[in-house]
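Reviewing the structure listed below.
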Amino acid sequence: MSTRSDALAQRLEEGVRQLTDLARSLSDEQWQIRVPHDNRKIGVIVHHVGTMYPIEITLAQQLGRGEAVEGVTWAKVHEMNADHARSFDRVTKQEALDLLQKNSTAAAAAVRALDDRQLDTAAALSLNSDGPRTCQFMLEDHAVGHAWHHLLKIRGALGQREAH
């Protein structure tokens, strides 16, 4: 395990810890609040973060092997997110937290298994206009940063809701 991969895994784990702590503290009513400019329920978003880890890790590993990521577009991501939101509209807190824990634990282990050469390897990434991106970029922008990204939005939704 490289020092860099361990640091990335620790950042992923810390984001998940914070998201988990926040999710556990929510009332049933708060779990159902829709996040502004996203329109998904908080509970759906927590489940979504857990759902995405295997995909995000697979894409990062692909880049780490020097293989281009093709066909992954923001339009497809938005479609997948919308399908997920419809399918898991009534997800329970326990279901979401169990998935988040299971998949984030596996994701952190996969990140720790990467060496510095893999982290530095770049290939075309269709999600970013086919520009070359490193495995580490993909991790930081997606798997490592995912919980942090949604934490900010959820906290904002809770603050906006409490202000009214």
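Values quoted throughout were computed directly from the atomic coordinates according to the rules given, and no laboratory measurement underlies them. Treat the numbers as computed from the prediction; the structure is a model and nothing was measured. All Cβ positions, glycine included, derive from the backbone under ideal geometry; neighbour counts span all protein chains shown.
If R0 is 30 Å, what FRET efficiency do you get for residue 4 and residue 29 from their C-beta distance, rounded to 0.05?
Using R0 = 30 Å, I get an efficiency of 0.10.
Between residue 73 and residue 124, what is the label-point separation in nm under the 7 Å Cα-to-beta-carbon projection?
Those two pseudo-labels are separated by 1.5 nm.
Rounded to the nearest 0.05, what FRET efficiency is calculated for residue 17 and residue 83 with R0 set to 41 Å and r the Cβ-Cβ distance?
Calculated value: 0.90.
With label points built 7 Å along Cα→Cβ from the Cα atoms of residue 117 and residue 155, find their separation and express it in nm.
Label at residue 117, label at residue 155, 4.0 nm between them.
If you average the C-alpha positions of the stretch 108-164 and of the stretch 25-56 separately, how far apart do those two centres end up, in angstrom?
With the stretch 108-164 and the stretch 25-56 each reduced to a Cα centre, they are spaced 17 Å.
Per the helix-only calculation at 222 nm, which mean residue ellipticity applies to the chain, given -39500 (n - 2.57) for every DSSP H run of n ≥ 4 and division by its residues, nearest 500 deg cm²/dmol?
Mean residue ellipticity, 222 nm, calculated: -22500 deg cm²/dmol.
From the phi of every residue in the stretch 69-78, what ³J(HN,Hα) in whole Hz does the Karplus formula 6.51 cos²θ - 1.76 cosθ + 1.60 yield, where θ is phi - 60° and glycine or proline is x?
9, 10, x, 8, 10, 5, 4, 5, 4, 5
Once you put a point 7 Å from the Cα of residue 37 and another 7 Å from the Cα of residue 101, both along the Cβ direction, what distance in nm separates them?
3.3 nm
Taking the highest mean first, how do the peptides 46-52, 141-147 order by number of other beta carbon atoms within 10 angstrom per residue?
Packing proxy ranking, top to bottom: 46-52, 141-147.
I'd like the GluC sites (Glu not before Pro) in the stretch 37-74 restricted to DSSP loop residues with at most 16 other Cβ atoms within 10 Å, sorted by number.
Counting only loop positions with at most 16 other Cβ atoms within 10 Å, the GluC sites (Glu not before Pro) in the stretch 37-74 are 67, 70.
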